[in-house]
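The values are calculated or read from the model by the stated rules, or taken from the named source; none is laboratory data. What you see is a predicted model, and the numbers here were worked out from it, not measured in a lab. Cβ placement follows ideal geometry from the backbone for every residue including glycine, while neighbour counts extend to all protein chains displayed. These area figures cover heavy atoms from the full protein model, side chains too; ligands, DNA and RNA do not enter into them. Shrake-Rupley method; radii C 1.70, N 1.55, O 1.52, S 1.80 Å.
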Amino acid sequence: MNTKFLAVIFLGMLTSCGSSLYKKMESADFDLIITKYADTIDKNDPEINYQVAEAFRQSNRIQEAEPFYEHAVEEGVIEQDAYYYYAKALKANQKYGKAQKMLERYLPRVTNQEVRALVENELANLTSVERLEKEENYYRAKNLDEINTEFADYGPVYINNYLYFTSNRSSSKIYKVTGTPFLDLYRVRSKGANIDQRTLEKLSPMINAPDINEGSLAVSADGLSIIFAKGNDGKPTGNLEVNLYFTRYRNGQWLQPRLIAINDPKSWDSTPALSPDGNTLYFSSTRPGGSGGMDLYSAKLNRRGRWVDVRNLGPEINTPGNEAYPHVSEDGSLYFSSDGHPGFGKIDIFKATRQGGLTKIENLGKPMNSSADDFAYFEFDLQKGFFSSNRKGGKGDDDIYTYVNDDPDLKVVNYFLTGTTLSTDDAGDTMALPNSKVLLVAKNEAVLDESFADQNGIFKFRVYPEEEYYIIGEKTDYFTTRSLFSTKGQSVKKDTLKEFITNVEFNTKVFLERIVLEKPIVLNNIYYDLNKSEIRADAAVVLDSLVMIMGDNPEIFVELGSHTDDRASNDYNMELSWRRARSAVSYILTRGIDPARIVAKGYGESRLLLPNALTEEDHQVNRRTEFKVLRYDPKSRQDDLPPDEELDEYDRFFDNTGG
């Protein structure tokens, strides 16, 4: 079977894992190599055995590659990744013990660090197979016979009583790299898993090209916007990359697809999925900086309808192997497919949940997973959905399956944080601050989510139980501001719930102050011992807040000024204030702030706030430390587009004009 899993497979990419390590046979016709050599190969020739094994693997028949990898390895093949892929072939054939022993045997010989990371990761995974075999769940799976054919049918997406999917069932042209027909996008009317065969249709020729592969897709909740993967015509001078495109249905037709700005021109970007609210795009990419192979990323929809702020989902999700086909369910769980987490064979479906600041990765187990390829999970309610597999018992190639989760304790608690971004107007009155960017940040500074406040300053995040966050607000010409928020001690016990779904909502406010040059801002509670300039512990706490402000606002250059009361001579007070200011700046520099961004200045008693101070409290008001912004170089914020880059209605992902 020829599963179209990752972009390397499902769109016929000619490389594996997106790394130069695997760029072999880039113009090869894999079927031709197999036909020519597989039956007549010399078992003692390591290189020919390796090439035939690679032809099987890169056409996604790694089970059949096992004997050829075995001969290549035993005869001392030069390519070190042969050891890793031999183990993957053994695992695909459910020879888990042999795969583990083989990797343990060859690990000392692996010097290539990319391959070594893959081998070590797979060795750790193989120790989990026995545990996975014993775990029980409440899933039931069934082949969706009404829609599947002998060809590849996969990538189900269910929106507004339409089931969208990818198939090569009716293409008359063959993609030579894989020896299979080109892929196109289809849809059919459906009520859940009840298919109306009469309505089956291939999407518009504007989307489906006759000699290019169209891969998996994401559909907006209104069904009027589509993001899909497209690439690979298979020609020597043709398009070898895979990119994400979007199109919109308007005036009775699909518009010309356009590239999304987040594509990396030298990488493969594929398997798109939208969050339930449509404001986050998840996808898989081979771009540099990942954990290895294909990684999962997210992007946010900004206030002008453009996808921005691409973020790697991190090492808890991504592995040295491949991760693809993300899907976020209504309860906030992230489902995805991977060959880098502990699984049964080739690729499995996993579920990622977050609680207490930790991300838990769970293999969905059998029957959702098998020793074959299991991928493209899509949940259309909390108990039912679809997925894809090329397991035994199907109709030929990849098939679409339905599932039901009969877990009697399947109760869901959703936690949401709704907030408002605020500032003050010229009269000093509090006002909503629209179009601000707000970040949900873990205590370890990892960005968990991003949002753009609406015209009323309202933003919303999904949050998780027993966790602490920073809520960071930012907007051009305003100080970036952070505040603490916690769900600790506020969790709802599921065993007390009667409803199937319970939503818990928290509220917060984020105040952003406008940056005004030369405006003094008092740092409260910075005290010095009498006639001394050393930083006391209580003053250090306040100075740390300035360090945080400067860290969150790298565009500002500040002066830190120290003031005294008037109970000594003018010269003495001026020298004392200078020493105190310099001491405070020295402390800030030890916290990693660039010396070019801060200067110290002593004002002595020259700027008393209370000239006729009588009490100790009044003198303390005068003995203050202030900072003010001397220069502000606003960075280019992705949510603020220059006037010459204003988006027309077609460029916006969401179209409010309707179809």
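State all residues of the stretch 300-339 that are out of contact with any Leu (no Cβ under 7 Å at 6 or more places or on another chain) and under 17 Å from W268 (Cβ atoms); if no residue qualifies, say none.
The answer is V310, N312, Y325, S337, S338, D339.
From the list R306, R258, pick out the single residue that is in contact with an Asp or Glu (Cβ under 9 Å, 6 or more places away or on another chain), open to solvent by 10 Å² or more (accessible area, probe 1.4 Å) and under 24 Å from G332 (Cα atoms).
That would be R306, the only listed residue that is in contact with an Asp or Glu (Cβ under 9 Å, 6 or more places away or on another chain), open to solvent by 10 Å² or more (accessible area, probe 1.4 Å) and under 24 Å from G332 (Cα atoms).
I'd like the full set of residues that are touching a residue at least 60 places away in the same chain (Cβ under 8 Å) and surrounded by 24 or more Cβ atoms within 10 Å (Cβ to Cβ), limited to the stretch 59-80.
The answer is N60, I62.
Here's the yes/no breakdown for (1) without any contact (Cβ under 8 Å) to a residue 40 or more places away in the chain; (2) of a type outside the set (A, V, I, L, M, F, W, C):
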| site | (1), (2) |
| --- | --- |
| R57 | no, yes |
| R109 | yes, yes |
| S128 | no, yes |
| N137 | no, yes |
| I147 | no, no |
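Take D339 and decide whether it is touching a residue at least 40 places away in the same chain (Cβ under 8 Å) and over 30 Å from S451 (Cα atoms).
yes
Condition (residue is modelled with pLDDT of 90 or more and within 19 Å of A324 (Cα to Cα)) applied to the stretch 247-258: is it met by at least one residue?
Checked against the condition, which is being modelled with pLDDT of 90 or more and within 19 Å of A324 (Cα to Cα), the stretch 247-258 yields no hits at all.
Assess whether L614 counts as being touching a Phe, Trp or Tyr at 6+ places or on another chain (Cβ under 6 Å) and open to solvent by 50 Å² or more (accessible area, probe 1.4 Å).
Against the criterion (touching a Phe, Trp or Tyr at 6+ places or on another chain (Cβ under 6 Å) and open to solvent by 50 Å² or more (accessible area, probe 1.4 Å)), L614 does not qualify.
Out of everything in the stretch 444-457 that is surrounded by fewer than 15 Cβ atoms within 10 Å (Cβ to Cβ) and at pLDDT 90 or above, what residue ends up being nearest to V413 (Cα to Cα)?
Residue satisfying both the conditions and the ranking: N456.
Residue by residue through the stretch 182-204, note down the ones that are open to solvent by less than 20 Å² (accessible area, probe 1.4 Å) and part of a strand (DSSP E or B).
Once the filter is applied, which keeps residues that are open to solvent by less than 20 Å² (accessible area, probe 1.4 Å) and part of a strand (DSSP E or B), the stretch 182-204 yields D184, L185, Y186, V188, S190.
Quick check: is even one residue across the stretch 503-523 modelled with pLDDT under 90 and farther than 22 Å from T424 by Cα?
No, every residue in the stretch 503-523 fails to be modelled with pLDDT under 90 and farther than 22 Å from T424 by Cα.
Restricting attention to the stretch 382-395, does a residue exist that is under 21 Å from S275 (Cα atoms), hydrophobic (A, V, I, L, M, F, W, C), buried (at least 23 other Cβ atoms within 10 Å of the Cβ) and modelled with pLDDT of 95 or more?
yes
Do you know which residues across the stretch 136-195 are closer than 26 Å to L410 by Cβ and small (G, A, S)?
A141, G155, S190, G192, A193
Which of the strands (runs of 3 or more DSSP E) contained wholly in the stretch 421-518 include at least 1 residues that are free of Cβ contacts under 8 Å to residues at least 12 places away in the same chain and more than 24 Å from the chain's Cα centre (by Cα)?
430-432
Can you tell me which residue within the stretch 416-437, out of those that are at pLDDT 95 or above and within 28 Å of L313 (Cα to Cα), is surrounded by the fewest Cβ atoms within 10 Å (Cβ to Cβ)?
T418
If you go through the stretch 546-575, how many residues are open to solvent by 10 Å² or more (accessible area, probe 1.4 Å), in a helix (DSSP H, G or I) and hydrophobic (A, V, I, L, M, F, W, C)?
The number of residues fulfilling the criteria is 4.
I'm checking my understanding of the structure. Among residues of the stretch 576-596 that are among the hydrophobic types (A, V, I, L, M, F, W, C) and closer than 26 Å to E617 by Cβ, which one is surrounded by the fewest Cβ atoms within 10 Å (Cβ to Cβ)?
W578
Looking only at residues in the stretch 19-52 that are at pLDDT 80 or above and open to solvent by less than 50 Å² (accessible area, probe 1.4 Å), which one is farthest from E64 (Cα to Cα)?
P46
Select from the stretch 280-296 the residues that are of a type outside the set (S, T, Y) and in contact with a helix residue (DSSP H, G or I) (Cβ under 9 Å, 6 or more places away or on another chain) and write down the one among them that is surrounded by the fewest Cβ atoms within 10 Å (Cβ to Cβ).
Ranking the candidates gives G292 first.
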